[in-house]
């Protein structure tokens with residue numbers, strides 16, 4: 001009995017994309033699909049964070065993202081990066097200076113949210129730090145925190161607003177000769193996220 005009607009997407013064909021690096025791990029292009037997780041520890045608890053990263057590595061994780069909401073977290077990042085055997089992505093919350101501090105601390109990648117990272121001048125400072133320290137950037141579009149001008153334009157989170165947010169930030173990066181970036185779209189409504197990717 002064929003299961004095509006139940007699992008029409010059982011065959012996955014990857015679209016060719018540009019390859020970047022997160023530390024020493026290739027992402028995109030012809031690289032194998034990587035597994036990434038995020039810690040749920042308080043990043044300032046360096047011992048607990050390193051232990052959780054190691055447990056993730058032991059089960060096959062390639063890249064780990066850690067939360068960096070404040071200066072204490074980015075200060076702890078230096079030791080975490082030193083102890084980790086996999087690249088660390090710094091998840092930036094609201095303040096662009098955390099991204100700069102994370103780059104200086106050795107993060108392999110900076111996850112920025114277009115909806116709360118700040119204006120273009122702040123993004124340019126993040127780009128400079130990423131270039132200076134060999135970081136890639138993940139543009140993490142989030143339907144729950146889109147830029148005000150996009151919410152004014154579209155009235156609510158929608159695929160078009162998410163795509164426009166991502167494309168606007170891609171343009172900023174490319175206009176500043178930065179190409180080591182990837183993009184993600186996130187929404188609590190899985191259909192909204194899927195539509196944005198399509």
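Please treat every number below as a calculation from the coordinates, not as lab data. From a predicted model like this one, the values you see are computed outputs, not experimental measurements. Using ideal geometry, Cβ is built from the backbone for each residue, glycine included, and neighbour counts are taken over all protein chains shown.
Would you mind checking the range 172-198 for residues with the amide N under 11 Å from a putative spin-label position 7 Å along Cα→C-beta of residue 156? Inside the label zone: nothing.
Beta bridges from DSSP with both residues in the range 20-197: antiparallel share about 10 percent, rounded to the nearest 5.
Taking springs between alpha-carbon atoms closer than 10 angstrom, which of 169, 133, 149 fluctuates most in the Gaussian network model of the chain? Among 169, 133, 149, the largest mean-square fluctuation in the Gaussian network model of the chain belongs to 149. Here the range 30-119 is treated as a sphere whose radius is the Kirkwood value from Cα pairs; by Stokes-Einstein at 10 °C and 1.306 mPa s it diffuses with a coefficient of 122 µm²/s. Need the C-alpha centroid separation for the range 81-148 versus the range 163-181, integer Å. Taking the Cα centre of each part, the range 81-148 and the range 163-181 sit 13 Å apart.
Quote to one decimal, in nm, the extra length available between residue 35 and residue 48 on full extension: 0.36 nm per residue of separation minus the C-alpha distance between them.
2.6 nm
Per DSSP H run of n ≥ 4, the term is -39500 (n - 2.57); total these for the chain, divide by its residue number, and report the mean residue ellipticity at 222 nm rounded to 500 deg cm²/dmol.
Computed ellipticity for the chain at 222 nm equals -13000 deg cm²/dmol.
As a ratio to 2.2 N^0.38 Å, the alpha-carbon radius of gyration computed for the chain takes the value 1.07.
For the pair residue 131 and residue 85, the difference between a 0.36 nm per residue extended length and the Cα-Cα distance amounts to 14.3 nm.
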